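So the structure is just underneath, and the comments pick up after that.
The values are calculated or read from the model by the stated rules, or taken from the named source; none is laboratory data. This is a predicted model, so every value here is computed, not measured. Counting neighbours? That spans all protein chains shown, and the Cβs are built from the backbone with ideal geometry, glycine included. Side chains included, ligands, DNA and RNA excluded: accessible areas come from the protein's heavy atoms. Shrake-Rupley method; radii C 1.70, N 1.55, O 1.52, S 1.80 Å.
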Amino acid sequence: MKLTRSAILTLAIFVVASGSPSHADTIGDAIDQQAKAVEAKMIAWRRDIHQNPELGNREFRTSALVVEHLRKLGYEVRDKVAHTGVVAVLKGGKPGPVIAFRADMDALPVTEEVDLPFASKVRATWQGRETGVMHACGHDAHTAILMAAAEVFAKLRSELPGTVKLIFQPAEEGPPRGEEGGARLMIKEGALENPKPEAIFGLHVTAPGPSGAIFYRAGGYMAGSDTFSITVKGRGTHGARPWAGVDPIVLASQIVLGLQTIESRQVDVTSSPSVLTVGMFNAGNRSNIIVDKAELVGTLRTFNPDMREFIMRRVNETAELIAKSGGGDASVEWRTDGAIPLINSAELTNRMLPTLRRVVGVGKTLESNPRTASEDFSYYAKEIPAMFYHVGATPPGIPASLVATNHSPRFQIDESGLLPALRATVHLAFDYSATSAKSGVSKPE
């Protein structure tokens, strides 16, 4: 039988990784036993963090909880990175590479509407307005999963090849206006240095998605994100005499509708996904007053730089010309410090796909379409090879059409999906490290 070069390399990696089938089975069983042993604590951490959510750059309690846990486990811990971030390092008992795992810790300015004994009652001020605070995106689960993984790594330290670096990141949803934060500030403050990982992994719970299923995609996976604000200026007057002024609310309403034609009639929808959404409309404070000004705020999601540039230009032109046609004026301001497109390393993703299939089963390891949500994990992926994947968290028995998705005030997760996520995290670490000597991954372009 003649073996190809690729087949020989695959066989060599398997032999190096396994040593012997019984050794591989023993390590795998030990991982699963330790993961199961910490499951109850993981769920308790998740509920505690859920009940006490904190907004971006204000994750003081959550950060302190993480630091205390990691130091008790013997990690080398650096705190107050990028305001409230935590970076922890554990050197295994066997030689191997440095790899990193990231979890985000921040909540959203959303008032919870889920009837849970640990539902959030927290209130805070965000962008000058009082709001409820809720883990409406599952970052409480991400933090708890990585805390549990930290414990499993520590328990199996003598068998761990190489070094794990755990990154607990604030402000993934974006820092408060006027502040730096998130992945870019973590990187700026050395989260990927001393030691430098050769690969990084991250996960995100998602609804809809069958609980415990894993969704992956090699290459372009999640969209880049830009935020726009449009100020529409009119001329105030009495609500009973609209002809005496220029109504900015009417003009802004026409602009909202006009923006929809960019996506529906001007963009080549066959070339690359994109989304343009107006999420805020602020104007007026009384029924019989036509005010001077209205404000719109929205988001643009793109995968393609040329399409991004085209849509931004058309937003500017559409807003300005519609306002001018009604006797008003509009100015558009873009905030371009959001996430860039998240590009998973195809080499790393394909290499680790067998691990995910072994952990949750082939039938629950599903290739995903590109996702128009954004993730600032993309900045880590720009620096080193990265693999980001989603874990289904939909409670059983709920039809997909009725599932409250991420960022909804009714978002909730099925906690039975946390254990597969934990097992995937630890198995990825051991499998990657065991095969690293014979198969590396290339640095991103």
* Structure fact -> The answer for trypsin sites (Lys or Arg not before Pro) in the range 242-343 that fall in a DSSP coil and have at most 12 neighbouring Cβ atoms within 10 Å is R286
* Between the range 143-218 and the range 71-141, the alpha-carbon center distance in angstrom -> 10
* **Value of Rg to Rh for the chain (Rh from inverse mean 1/r over Cα pairs, i.e. Kirkwood)** => 1.03
* Asked: How many angstrom lie between the C-alpha centres of the range 274-293 and the range 366-408?
  -> 31
* Rounded to 5, the percent of DSSP beta bridges in the range 254-314 classed as antiparallel -> 100
* If one takes the longest principal axis of the Cα atoms in the chain, at what angle in degrees, from 0 to 90 and to the nearest 10, does the Cα axis of helix 346-360 lie? -> 70
* With springs only between Cα atoms under 10 Å apart, run a GNM on the chain and tell me which of D306, D104, D79 wobbles the most. => D306
* Asked: In nm, to one decimal, how far is the modelled label at A119 from the one at S264, with both set 7 Å along Cα→Cβ?
  -> 3.6
* Asked: Using Cα pairs under 8 angstrom and six or more residues apart, how large is the relative contact order of the range 255-387, in percent?
  -> 23
* **Principal-axis tilt of helix 5-18 within the chain, Cα atoms, nearest 10 degrees** => 70
* Asked: Which number do you get for Rg(Cα) / (2.2 N^0.38 Å) in the range 359-419?
  -> 1.34
* Do the alpha carbons of any pairs in K36/K94; K41/K382; K91/K364; K36/K80 sit beyond 29 Å of each other, and which pairs? -> K41/K382; K91/K364; K36/K80
* Does anything in the range 209-228 have its amide N under 19 Å from the 7 Å Cα→Cβ label point of S401, and if so which residues? -> 209-210
* To do: Give the percent of DSSP beta bridges with both residues in the chain that are antiparallel, rounded to the nearest 5.
  => 65
* Structure fact -> If one compares the long axis through the Cα atoms of helix 418-435 with the longest principal axis of the Cα atoms of the chain, the angle in degrees, nearest 10, works out at 60
* Any idea what the alpha-carbon Rg over 2.2 N^0.38 Å comes to for the range 335-386? -> 1.34
* Put F281, F118 in order of accessible area, largest first, 1.4 Å probe: what do you get? -> F281, F118
* Structure fact -> Quick shape summary for the range 103-199, equivalent ellipsoid via Cα gyration tensor, semi-axes whole Å in descending order, reads 31, 20, 7
* **Fraction of antiparallel bridges per DSSP, the range 233-338 only, in percent to nearest 5** => 100
* **Of all accessible heavy-atom area on the chain, the percent that carbon and sulfur account for (1.4 Å)** => 52
* To do: Give me the net charge of Q412's neighbourhood, meaning all other residues with Cβ under 15 Å from the Cβ of Q412; Lys, Arg count +1, Asp, Glu -1.
  => -3
* Percent relative contact order of the range 231-288, based on C-alpha pairs within less than 8 angstrom and at least six residues apart? -> 31
* Structure fact -> Checking E151, E179, E383 against a Gaussian network model of the chain (alpha-carbon springs below 10 Å), the top fluctuating residue turns out to be E179
* Asked: What 222 nm value per residue comes from the helices of the chain, counting each DSSP H run with n ≥ 4 as -39,500 (n - 2.57) and dividing by all residues, nearest 500 deg cm²/dmol?
  -> -11500 deg cm²/dmol
* Structure fact -> Shape descriptors of the range 305-445 over alpha-carbon atoms, Rg and Dmax in angstrom, are 20.9, 68
* Structure fact -> Dividing the mean separation of Cα pairs under 8 Å (6+ apart) by the residue count of the chain yields a relative contact order in percent of 22
* **D247, D25, ranked by accessible area, largest first (probe 1.4 Å)** => D25, D247
* Radius of gyration and Dmax over the Cα atoms of the range 251-341, both given in Å -> 14.3, 47
* Between S272, A429, T405, whose Cα lies farthest towards the positive end of the dipole of the chain when Lys and Arg beta carbons carry +1 and Asp and Glu beta carbons carry -1, centred on the Cα centre? -> A429
